[in-house]
Each structure stands twice: as structure tokens, then as C-alpha cells.
1. The conditions are (1) among the polar types (S, T, N, Q); (2) buried (at least 20 other Cβ atoms within 10 Å of the Cβ); (3) modelled with pLDDT under 85, and Ser47 fails exactly one of them. Which is it?
2. Looking only at segment 253-279, filter to residues that are outside any helix (DSSP H, G or I) and under 18 Å from the mean Cα position of the chain (by Cα); which one of those is modelled with the lowest pLDDT?
3. Looking at Ala154 and the list (1) over 24 Å from Ile341 (Cβ atoms); (2) out of contact with any Leu (no Cβ under 9 Å at 6 or more places or on another chain), which single condition is not satisfied?
4. Restricting attention to segment 51-102, report how many residues are touching a residue at least 24 places away in the same chain (Cβ under 8 Å), under 16 Å from Gln334 (Cβ atoms), assigned to a helix (DSSP H, G or I) and hydrophobic (A, V, I, L, M, F, W, C).
5. What number of residues within segment 347-388 are farther than 18 Å from Ser38 by Cβ, hydroxyl-bearing (Ser, Thr, Tyr) and surrounded by 24 or more Cβ atoms within 10 Å (Cβ to Cβ)?
6. Does Val330 satisfy being assigned to a helix (DSSP H, G or I), of a type in the set (A, V, I, L, M), touching a helix residue (DSSP H, G or I) at 6+ places or on another chain (Cβ under 7 Å) and under 22 Å from Glu190 (Cβ atoms)?
7. Name the single residue, out of those in segment 195-252 being of a type in the set (Ser, Thr, Tyr) and in a helix (DSSP H, G or I), that is modelled with the lowest pLDDT.
8. Could you pull out the residue among Ala249, Ala277 that is buried (at least 23 other Cβ atoms within 10 Å of the Cβ), hydrophobic (A, V, I, L, M, F, W, C), under 23 Å from Thr322 (Cα atoms) and touching a residue at least 60 places away in the same chain (Cβ under 8 Å)?
Amino acid sequence: MSIATAARRAPISYRGAKHVALYLINYGARGFYAPFISLYLVSIGYSPVDLGLLAGLSAIVRIVVVPAYSAWVDRLGAHRRLLNVQLAIAGFASLTMVLWPNRTWLDAMYVTRDAVDVPGSALMSQLVLSGDPNHGSTFFARLRAMGSLGWAIASISAGWVIGVGGYTLLILLAGILNIISLPLLRILPERTATLNTRIEKPPKRKPAFWLMMFSNFLYYVCTNAVFVFLWVYLMDYLAMDDGAVGLVAAALGLFEIPWMIYMNRIYQRISPRRALAFGIAGQALFALALAFLTGPVLLVPLIALRGVFYAMHNISLTLLVTEISHPTNVATNQALAWVTIPAIAAVLTGPLAGWMYENIDARFMFTVSALVGLVASLILLLGRRMIAEATADRQALRNAALSVPMGVGKAR
């Protein structure tokens, strides 16, 4: 069933309370951690160049480790077990990096958490999609909106939490939420494909998939540079304090929510392929607008506009990777899209972005990043027919592989 057809037929539903709680808690942990970890590191003596180098090191680890364990778990069909391990490691890393803030240990835990955090979120999304092949795309968009709500709630409360216990308490809470979410994972299927549909060697990835990944690489060249340094930029250039930064982080999540809820209606009018291209272009223009800000007044309307483009990119990329992949290697493909490609972009451009921020100007860095993002969007628009044909070719194969209801038996 195509995404557009599923969007028309699916009932309005968020699955169940446990699904909603899982997304609220998981993204709440990220809302406590992601906007503030760079500020914490700067507060204890890290420079922008140090942040860029650490991001680059973290990306190298993700490039090496994540594809290997994703492919291994694809062969075993033990996807939910992997997600349990990822969230447990993320919680451990968050808790120990601030309880024992030795710089070497802190660097190691930063890298360790990065190696499991985004891969875990991507895998959780794929398990939601695999749990209901006919309507998973519609459920996923609405559940992901609950994730943005969790992020927003955490970010709004961050200013108060910092006032009580500093950045240390924020990162501790992120780790605690990761651990709390573990029992909720039992609501997800154990694997992304039924055991009786698994094959020794999945079909080769089509050229259209690699075209999408090249565009994805350029997109992350743009957004990695923006969001590694956005929080520091708000303080250095726009004179914001911790509370204001928390409100900005909350606004980023809040303005995504309505668009994620109504993405299925958007798909009735434009294809996910075009939505993905528009989403990338809109976020590139957001980066360009940041370069010309002289104060915080226009930041809120800019964030509001970004919400629709972020939803278009986030939901559409997840769905398109699912549609263009065979079920037995879809988890690996999601890891490529959400972890490996962003990591390669960070390795190649993270230190350069840090150097530009420190030695030239943050506005120049944002402008260059925006131009790269616009090229990424153009590539998708030019290649949309190739992607459409590859998606249609995979659809029959996916329908056959997913025709048996997902079991929750023990993986072998």
C-alpha cells in the first residue's frame, strides 16, 4: 500500500498510551541533552574547535560501529533487543559523564552516547512502521509529533532545572529518562521482518537509494554545522541566557507538532519525494536566515516556519527509506540514512565548521551551510522520477515480505 493510500484510509490514532509514553520519554531525554551538551562543555572549558573535533571523532566511531552492528542485528532479526541495549547505554553514558567529569571519560561517554542515541531513535521508528505495514506510516507521523512534544516539555523546563542543579542535573535527567523508557519497549515487535520472510542476501540497493543518500549527505553538511553551534551562537551573537535557549529549543519542538500530526493530509497533495525536497530547502533557508539575524525578535517566526519543513524532511525520509528497502535490510538502511551519512558529513565538515565559527564568523558558516542544503534539495527534485520508479519496483517485494503478521516470538 502506498503512503498516499494509507494516508487516506488510516483512522486517526496514536496507537496506545504506551506508544505515546515511549515517544514522550525518549524525546524528552533528548530535549534535556541535545540543546545543552555543547553549552555544558563550553562551560567547563571546551572551545568551538574542541566541539568540532569531538563531533568529528564521534562521527568516525558512528561510521565504523553503527553499520556493523546494524547489519549483524539484521541477520539475527533481534532489532528490539538492540534497541534495549542502545537506550541502556545512552542512559549509562549520560549518568556517568557528569558524575565523573574527567575529560577523557567525558569525551568517551559523549562519543558512546552519540553512537547509540540517533541510531536508537531511527530503529524505534522503523519498528513502529514494521509493526503495522498497512498503516504504520500514519501512526508514525503522529507518534513522532508526540516525540516533539516530549522534547518541548523538557526544553521548557530546562531553565528551571539549570537554576536548581546546573547543566549536570539536566544531563542526569536525560539518563534517567532513557532508563525509565526501557520497559515500554515491549510494545514494539521484535524485528523489522517476520522470520519466514528472511533471506540470506537481500537485493542490492538501487542507484536511487544512493542518490537519496548523496542528497542526505549534503543536507547533513548543512544541518550539522547549524545545530552543533546554534546554541552557542544564540548566546554569543544574540545575547541569550540559559532560560531563553531552553525556550528556543522548546519552540523548535512545539512548532513541529501540528505539521507532523497532519503530514498524512500533506501526502494526499504532494508525494513524500517532493515533501522531502521541500523540507530540505526550507531548512537550508532557515540556516540562511540565521546568518542575517541581528536580534532575537524574528527568531520565533523563523522557528515557526521551520516546523513545517522539519516535519516534511523527518517523516518523509523515514518513510522513503522504508519504501525503497527490502524488509530484511531496512534497519541497516535507516541506520545509513540517519547515522552513517550524517556521521560522514560531520567527519568531513565538523572541524571546518568549528574553525569558521571561531576564526571567520558564525554568519559566514551559516550562509555556506545554507547553500549546500539548497544543492541537496535540487538533487532530489532532479532525481524524483528515478526515486519514484525504484520505490514502485520495491513495493511488490515489500508487500510479499510483510504479508504475514509480525510475530513477537524469540529471535533465532
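The values are calculated or read from the model by the stated rules, or taken from the named source; none is laboratory data. The shown structure was predicted, so the numbers you read here are calculated from the model rather than taken from an experiment. Heads up, the Cβs are rebuilt from the backbone with ideal geometry, glycines too, and the neighbour counts pull from every protein chain shown.
1. With (1) among the polar types (S, T, N, Q); (2) buried (at least 20 other Cβ atoms within 10 Å of the Cβ); (3) modelled with pLDDT under 85 applied to Ser47, the lone miss is (2).
2. Narrowing segment 253-279 to residues outside any helix (DSSP H, G or I): 255-256, 262, 268-271.
Now restrict to residues that are under 18 Å from the mean Cα position of the chain (by Cα): 255-256.
Details: Phe255: 89, Glu256: 86.
Filtering first and then ranking leaves Glu256.
3. Of everything listed in (1) over 24 Å from Ile341 (Cβ atoms); (2) out of contact with any Leu (no Cβ under 9 Å at 6 or more places or on another chain), Ala154 misses just condition (2).
4. 7
5. Residues in segment 347-388 being farther than 18 Å from Ser38 by Cβ, hydroxyl-bearing (Ser, Thr, Tyr) and surrounded by 24 or more Cβ atoms within 10 Å (Cβ to Cβ): 1 in total.
6. Numbers: assigned to a helix (DSSP H, G or I): yes; of a type in the set (A, V, I, L, M): yes; touching a helix residue (DSSP H, G or I) at 6+ places or on another chain (Cβ under 7 Å): yes; under 22 Å from Glu190 (Cβ atoms): yes.
Here the answer is yes, as Val330 does meet what is asked.
7. At the first step, the residues of segment 195-252 found to be of a type in the set (Ser, Thr, Tyr) are 197, 215, 219-220, 223, 233, 237.
So of that shortlist, the ones also in a helix (DSSP H, G or I) come out as 197, 215, 219-220, 223, 233.
On the way: Thr197: 48, Ser215: 95, Tyr219: 94, Tyr220: 92, Thr223: 88, Tyr233: 82.
Ranking the qualifying residues of segment 195-252, first place goes to Thr197.
8. On the way: Ala249 fails: under 23 Å from Thr322 (Cα atoms).
Result: Ala277 is the single residue among Ala249, Ala277 that is buried (at least 23 other Cβ atoms within 10 Å of the Cβ), hydrophobic (A, V, I, L, M, F, W, C), under 23 Å from Thr322 (Cα atoms) and touching a residue at least 60 places away in the same chain (Cβ under 8 Å).
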